[in-house]
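**Q** I have a structure here, written as structure tokens, and I will follow up with some questions on it.
The values are calculated or read from the model by the stated rules, or taken from the named source; none is laboratory data. Predicted, not measured: the structure shown is a model, and the values here were computed from it. Because the Cβ atoms are built from the backbone with ideal geometry, glycine has one as well, and the counts that use them run over all protein chains shown.
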Amino acid sequence: MELGDVQEFFAGKTILVTGVTGFLGKVFVEKMLRVQPDIKKLYLLIRSPNIGLATQRLHVEVFRKELFKVQRAEKGADFDSFISEKVVAVVGDVSLEMLGVKDVKRNEEMLKEIDIIVHSAATTKLDDRFDTAMATNTMGALNVLDYAKNCRKLEILLYVSTAYVCGEPKGLVIEKPFFMGQTLKGGSLKLDIKLEKKLIEEKISELKAENANEETINSVMKNFGMIRANLHGWPNTYVFTKAMGEMLVANMKDNLPLIIIRPTIVISTHSEPFPGWIEEVRTMDYVVDKYGKGTIRSFVGVPETVVDVIPADMVVNSMIIASVARSKNLCRSLIYHIGSSSRNPFKYSDLIDDMHCYFTKNPWINKNDRPVHVEKKLTLFSTRMDEFDKNKGTKMETAIELYRPYGLFEGIFDDQNVEKLRMVAKRVVDTTFNFDPKNIVWKDYMMNVHFPGIVKHSMRSKM
Ligand SMILES: NC(=O)c1ccc[n+]([C@@H]2O[C@H](COP(=O)([O-])OP(=O)(O)OC[C@H]3O[C@@H](n4cnc5c(N)ncnc54)[C@H](OP(=O)(O)O)[C@@H]3O)[C@@H](O)[C@H]2O)c1
């Protein structure tokens with residue numbers, strides 16, 4: 001595969017993208033517009049009360065972000081007209097049938113024109129309300145699949161899942177789909193998605209009948225998600241509902257050309273459009289943020305844990321190449337693990353050393369303009385109950401519980417399908433579409449790219 005093949009494939013194509021106000025969605029849109037200005041149109045689905053506000057969200061939350069500075073500089077005064085020419089904001093919501101697109105004329109046009117759907121929207125909170133996560137991550141995936149089936153000339157449906165749908169396994173985790181009804185507990189237990197939906201409806205009715213206030217409903221529905229997830233063997237509501245979403249699309253796709261991308265933990269861009277772009281603090285960066293700010297000295301985990309992280313630009317590159325490879329029949333795999341653990345593992349102990357090294361040299365400056373000095377390295381605990389006890393009833397207890405499965409994770413993500421993809425696209429992977437984790441020099445990336453990126457883009461306004 002050559003660069004020309006990629007450009008030729010996307011030239012004149014129309015793509016519907018969900019989740020563009022989110023981290024990964026933006027990086028995808030930026031790359032697409034940069035490498036393929038001949039794309040016909042990008043329909044970007046945005047939650048909003050009306051089209052005016054959707055368009056405003058798009059400009060403020062997407063195109064005005066620093067992420068687009070390279071294209072702004074390249075296109076100069078033409079940037080805004082280029083965006084207006086290529087991009088169409090669509091009011092919608094993946095939790096609704098036909099994605100809640102109410103504008104009939106627009107909907108008809110979309111169904112006629114769309115060639116590719118990239119579904120990145122999700123609720124990514126590990127412990128969101130069960131009803132919200134089910135509607136967004138599970139039914140949302142099904143709604144996107146139904147929409148795709150209604151598109152007259154769809155070539156690819158690319159669904160962004162997560163590698164952690166696997167739960168808490170040990171050893172090599174294979175790139176294989178779930179079968180319908182599968183649980184991680186095995187045995188005779190079956191997962192019935194309709195039943196899960198019914199239980200949610202019953203729980204909400206019960207709460208309403210009791211006149212429960214919003215705060216109580218939130219808390220009960222959050223707990224309920226975790227209970228149901230744990231019952232079936234998943235550690236939290238997020239991965240449970242994402243797994244059910246995968247189950248539905250993989251088993252109900254019929255002949256639709258489906259690709260499921262399972263990234264691990266997505267962190268700041270490695271090199272494109274520039275190194276170190278990231279939004280918000282989450283998963284691994286929760287620890288970096290809190291350690292840098294001097295608010296934690298210890299956290300849950302073991303030094304040997306492989307923290308599977310992957311830069312956002314590599315995830316997006318793999319999404320683009322998987323689509324081209326599938327359409328050209330070069331690679332027809334359904335599932336791709338996009339991570340680093342099997343080819344270039346980065347350990348928790350490396351993270352601890354690098355954080356210590358970085359924040360002792362570059363202390364975090366707090367809101368009073370004072371440097372926060374971190375003296376000791378972060379210590380890890382896995383079974384020391386005193387650490388858990390010390391944090392009982394605090395926000396830290398919730399964080400420890402949520403991140404425990406990842407701090408103690410013992411799986412390695414096999415990526416043979418991704419390796420095949422890299423092979424068929426070797427020339428472009430070596431140049432414009434790098435997604436080879438072997439190219440990451442972790443210490444250099446953490447010290448010079450990722451940590452400065454978090455400090456600049458995510459930690460800045462927090463404390
Ligand atoms: N970030 C990671 O480390 C990571 C790792 C593995 C997999 N993933 C997967 O990658 C995808 C993107 O993740 P991300 O980090 O970019 O997430 P994110 O920053 O949390 O963004 C989520 C996006 O989904 C949209 N969304 C949520 N509910 C929606 C709904 N009902 N209808 C339409 N849009 C909705 C949000 O829109 P609003 O702005 O309106 O809320 C936002 O644009 C997700 O599918 C996630 O599961 C992420």
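**Q** If you go through region 170-185, how many residues are β-branched (V, I, T), surrounded by 18 or more Cβ atoms within 10 Å (Cβ to Cβ) and within 22 Å of the chain's Cα centre (by Cα)?
**A** Within region 170-185, residues that are β-branched (V, I, T), surrounded by 18 or more Cβ atoms within 10 Å (Cβ to Cβ) and within 22 Å of the chain's Cα centre (by Cα) number 1.
**Q** Within region 20-43, can you find the residues that are within 8 Å of the ligand (Cβ to nearest atom), surrounded by fewer than 23 Cβ atoms within 10 Å (Cβ to Cβ) and assigned to a loop (DSSP other than H, G, I, E, B)?
**A** The answer is T21, G22.
**Q** Considering only region 86-133, how many residues are part of a helix (DSSP H, G or I) and away from the ligand (no atom under 11 Å from the Cβ)?
**A** Of region 86-133, the ones part of a helix (DSSP H, G or I) are 86, 97-100, 104-113, 130-133.
Keeping just the survivors that are away from the ligand (no atom under 11 Å from the Cβ) gives 86, 97-98, 104-113, 130-131.
Residues meeting the conditions: 15.
**Q** Within region 250-308, can you find the residues that are surrounded by fewer than 17 Cβ atoms within 10 Å (Cβ to Cβ) and closer than 17 Å to L24 by Cα?
**A** Those that are surrounded by fewer than 17 Cβ atoms within 10 Å (Cβ to Cβ) and closer than 17 Å to L24 by Cα: S271, F274, E280.
**Q** Another question, then. Working carefully through the options V35, V101, V70, V62, find the one that is touching a strand residue (DSSP E or B) at 6+ places or on another chain (Cβ under 7 Å) and at negative phi.
**A** V101
**Q** I'd like to verify a number: residues in region 44-59 that are in a loop (DSSP other than H, G, I, E, B) and either among the aliphatic types (A, V, I, L, M) or more than 23 Å from the chain's Cα centre (by Cα) (or both), how many? Explain how you work it out, then say what you get.
**A** Step one: list which residues in region 44-59 are in a loop (DSSP other than H, G, I, E, B), which gives 47-50.
Subset that is either among the aliphatic types (A, V, I, L, M) or more than 23 Å from the chain's Cα centre (by Cα) (or both): 49-50.
So the answer is 2.
**Q** Based on this model, can you work out whether K392 counts as farther than 30 Å from E30 by Cα, at pLDDT 95 or above and in a loop (DSSP other than H, G, I, E, B)? Let's see the steps before the verdict.
**A** Details: farther than 30 Å from E30 by Cα: yes; at pLDDT 95 or above: no; in a loop (DSSP other than H, G, I, E, B): yes.
No.
**Q** Taking the condition of being within 12 Å of the ligand (Cβ to nearest atom) and farther than 11 Å from D128 by Cβ, how many residues in region 226-239 meet it?
**A** Final tally of qualifying residues: 1.
**Q** Just checking, which of K208, K176, K194 is assigned to a loop (DSSP other than H, G, I, E, B), more than 16 Å from the ligand (Cβ to nearest atom) and of a type in the set (D, E, K, R)? Working first, answer last.
**A** On the way: K208 fails: assigned to a loop (DSSP other than H, G, I, E, B); K194 fails: assigned to a loop (DSSP other than H, G, I, E, B).
Within the list K208, K176, K194, the selection yields K176.
**Q** Same structure again: Looking for whichever is closer than 23 Å to V88 by Cα, crowded, with 18+ Cβ neighbours inside 10 Å and either in contact (Cβ under 8 Å) with a residue 24 or more places away in the chain or in contact with a Cys (Cβ under 9 Å, 6 or more places away or on another chain) (or both) here; the options are L154, L126. Which one fits?
**A** Details: L126 fails: closer than 23 Å to V88 by Cα.
Every option except L154 fails the conditions.
**Q** Restricting attention to region 240-271, report how many residues are within 13 Å of the ligand (Cβ to nearest atom) and not charged (D, E, K, R).
**A** Looking only at region 240-271, we keep the residues that are within 13 Å of the ligand (Cβ to nearest atom), and these are 240-246, 249, 260-269.
Next, from what is left, pick out any that are not charged (D, E, K, R): 240-241, 243-245, 249, 260-261, 263-269.
Selection size over region 240-271: 15.
**Q** Applying the selection to region 328-351, what residues are touching a helix residue (DSSP H, G or I) at 6+ places or on another chain (Cβ under 8 Å), farther than 17 Å from N434 by Cα and at pLDDT 95 or above?
**A** Answer for region 328-351, where residues must be touching a helix residue (DSSP H, G or I) at 6+ places or on another chain (Cβ under 8 Å), farther than 17 Å from N434 by Cα and at pLDDT 95 or above: S333, L334, I335, F346, Y348, D350, L351.
**Q** State which residue is nearest to the ligand (Cβ to nearest atom) when the search covers only region 140-155 and only residues that are in a helix (DSSP H, G or I) and more than 17 Å from the chain's Cα centre (by Cα).
**A** Residues of region 140-155 that are in a helix (DSSP H, G or I), as a first pass: 140-150.
If we keep only those that are more than 17 Å from the chain's Cα centre (by Cα) as well, we get 142-143, 145-150.
Numbers: L142: 13, N143: 9, L145: 14, D146: 14, Y147: 12, A148: 15, K149: 19, N150: 18 Å.
Result: N143.
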